[in-house]
1. Name, by its number, the condition in (1) modelled with pLDDT of 70 or more; (2) hydrophobic (A, V, I, L, M, F, W, C); (3) loosely packed, with under 14 Cβ neighbours inside 10 Å that does not hold for ILE33.
2. Could you check how many residues of the stretch 344-354 are assigned to a strand (DSSP E or B) and either touching a Pro at 6+ places or on another chain (Cβ under 9 Å) or open to solvent by 20 Å² or more (accessible area, probe 1.4 Å) (or both)?
3. Restrict the check to the stretch 395-403 and report whether at least one residue is touching a residue at least 24 places away in the same chain (Cβ under 8 Å), within 25 Å of the chain's Cα centre (by Cα) and open to solvent by 50 Å² or more (accessible area, probe 1.4 Å).
4. Scan the stretch 74-90 and give yes if some residue there is crowded, with 18+ Cβ neighbours inside 10 Å, at pLDDT 85 or above and assigned to a loop (DSSP other than H, G, I, E, B), otherwise no.
5. Is one or more of the residues making up the stretch 381-392 open to solvent by 60 Å² or more (accessible area, probe 1.4 Å) and touching an Asp or Glu at 6+ places or on another chain (Cβ under 6 Å)?
6. Considering every residue within the stretch 278-293, establish whether at least one is free of Cβ contacts under 8 Å to residues at least 60 places away in the same chain, over 16 Å from PHE356 (Cα atoms), part of a loop (DSSP other than H, G, I, E, B) and open to solvent by 70 Å² or more (accessible area, probe 1.4 Å).
7. So which pairs qualify, if the first residue must be in the stretch 65-80 and under 8 Å from ARG49 (Cα atoms), the second must be crowded, with 20+ Cβ neighbours inside 10 Å and of a type in the set (Phe, Trp, Tyr), the Cβ gap must be under 9 Å, and the two must be at least 6 apart or on different chains?
8. Do the conditions hold for TYR398, that is, is it at pLDDT 80 or above and in a loop (DSSP other than H, G, I, E, B)?
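The values are calculated or read from the model by the stated rules, or taken from the named source; none is laboratory data. Here the structure is a predicted model, which means the values were calculated and not measured. Here the Cβ is made from the backbone with ideal geometry for all residues, glycine too, and neighbour counts use every protein chain on show. Accessible surface is based on the protein model in full, side chains and every heavy atom, while ligands, DNA and RNA are left aside. Shrake-Rupley method; radii C 1.70, N 1.55, O 1.52, S 1.80 Å.
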Amino acid sequence: MNVNFEGAGRAMPSPMHAPGAPVLGQTAAAFWILDELEDGILIVARDGRIAWANAACEAFFGIAPGSARDLDLAAFMHRFVLPLVPDKGFGARIVPALAGGSEVPCCRFRVCRNGFPDEWLSVSSRKMEDERFRGSRMLRFQAVTEPEPAVGPVMHLAEDGEILSANGAAAPLLAHWNVLVGDRLPESWIPMLRAVLGSGAAERIDLATEACVYALTFAPVSGGRIIAVSGTGISPAGEGSRPPGDEYRYRELFNSMKSGAAVYEAREGGQTFVFKDFNLAAERMDGIPRAEVLGKTLTEVYPGAESFGITDALRRVWETGEAEVLPVQLYRDDRLVRWRDNYIYRLPSGELVAVFDDMTAQHRAENTLKERERMFREIAQRSFDIIFTLDAAGTITYVSPAVRRVLGYEPSAAIGMAGRDYITPQHHDRYAAAAERLRAGRDVEGLIFELTRRDGSTAYVEVNASPITSDGSVTGIQGVGRDITDRVRMEQEKKQAYDRISRNIEQFAVVGDHVRQPLQVLLGVADLVEDAWGGMIVEQVERINSIINELDQGWIESRKVREFLKRYD
């Protein structure tokens, strides 16, 4: 409900000038209209000083007429606005934004004025588009009795978490995150935002703050480029501290939460805590009907609460008013064994709220994952093959101890190095082609690289690798390298042996032809000799020819052996 600013209808001095301010005398009629508004109006010149304040603004902040003029906007906020704001942290964030010239669509925060702690102040800031006031800004203040009860928080976010816009009901959320419009959400929220945009499906999140529990929906809009956030929030306080009309809305929110929630009343000076409410999620988690819980003490329903630590945590929050997170730990009694976390905060009524999640399945999954990681590391530690991972840039992020045996490097020395650094130059092109294939999301199999050992020698490694993907993008490479140096060396030696056999065969054929020609000449000479010498020459020629025939036969056999070896190699 709007609350009227007082003091409208005063005389307007004209002309009005302030250092750096626009001349207002020619537009006095427009400012007469602004002076009649119920909302407080400030005109801020381009130098950051206040050029004019209407009567409603002066009346609301208790300022003497005309005394705001020439004040620096930051000084005005610190002097007149921040003393009314209980949340000093939020005030400290809004002042730099306004004083720095930021556009503030609508920002609401609680103020305490004239003994009324439940007033809310809405402030917005925008540039004045009129050419006569180029560079000036108009701030609008509006007092309301409640933070938009009929409308829940609405925000629009970019993929990187930047808050593009937010309505007044989102102000408590912005305060919880310690941000303003134009800032970014905390880093822990960014993966969820990207997942929403990537899947195109809305995500429901329950968020508990010190003052309120919110049921928020994050949904992609504008063709999947922007995320719209909407939701409902209400404090789960006792019946006496909540307007009756909010009961249905509170009950719907309380029971639609994914997290379990319980409301406690402290008794006996904080020594015991009695259940005042218990939502459906809590009933499902622990198999306890709400009717059997209400009115009972915490230790009656959960005998292991003391050893679990939640009673001490409730006591601390009840005494100090400071919210507390109880990390994931094991709760155990004769009926339940659960891994559970708790977020505990105190309501203005003094009641305590514990919001909790059953982390048992997640804890088991984490333990299973840890066990699998342990088994993988044991396999990697004992494997004769080199097991490795690279990041998207090709930097080694893990390498198994086998690298010590194959290449002579310590695993710790290889981590952080580029994989390409170990490849010999003649295989760099092969490595680049394999990396390109892996970045495209395809596997590499049976690729042989020559690597440089620590002592300067080389080794041959056969690599099988596949891409590591996340959300459809290649984020790294994982692979196995097998030392095949002995095999490659053997193949090289076999090739050399084949080459030698081939050369010998060729030489045998040449030698045979070259020797037979002189023998034919000798036989011709022997026929001309009539004495015993002629017979001796013929005898020796036949003997030499017999040897050549044996060599020919050997050449034929060698060729057969070579073909056999090649066929069955």
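1. (1)
2. Narrowing the stretch 344-354 to residues assigned to a strand (DSSP E or B): 344-346, 352-354.
Then keep just the ones that are either touching a Pro at 6+ places or on another chain (Cβ under 9 Å) or open to solvent by 20 Å² or more (accessible area, probe 1.4 Å) (or both); that gives 346, 353.
Of the residues in the stretch 344-354, 2 are assigned to a strand (DSSP E or B) and either touching a Pro at 6+ places or on another chain (Cβ under 9 Å) or open to solvent by 20 Å² or more (accessible area, probe 1.4 Å) (or both).
3. Yes.
4. No - not one qualifying residue is present in the stretch 74-90.
5. no
6. no
7. Qualifying pairs under 9 Å: ARG69/TRP52.
8. Working: at pLDDT 80 or above: yes; in a loop (DSSP other than H, G, I, E, B): no.
No: the conditions fail for TYR398.
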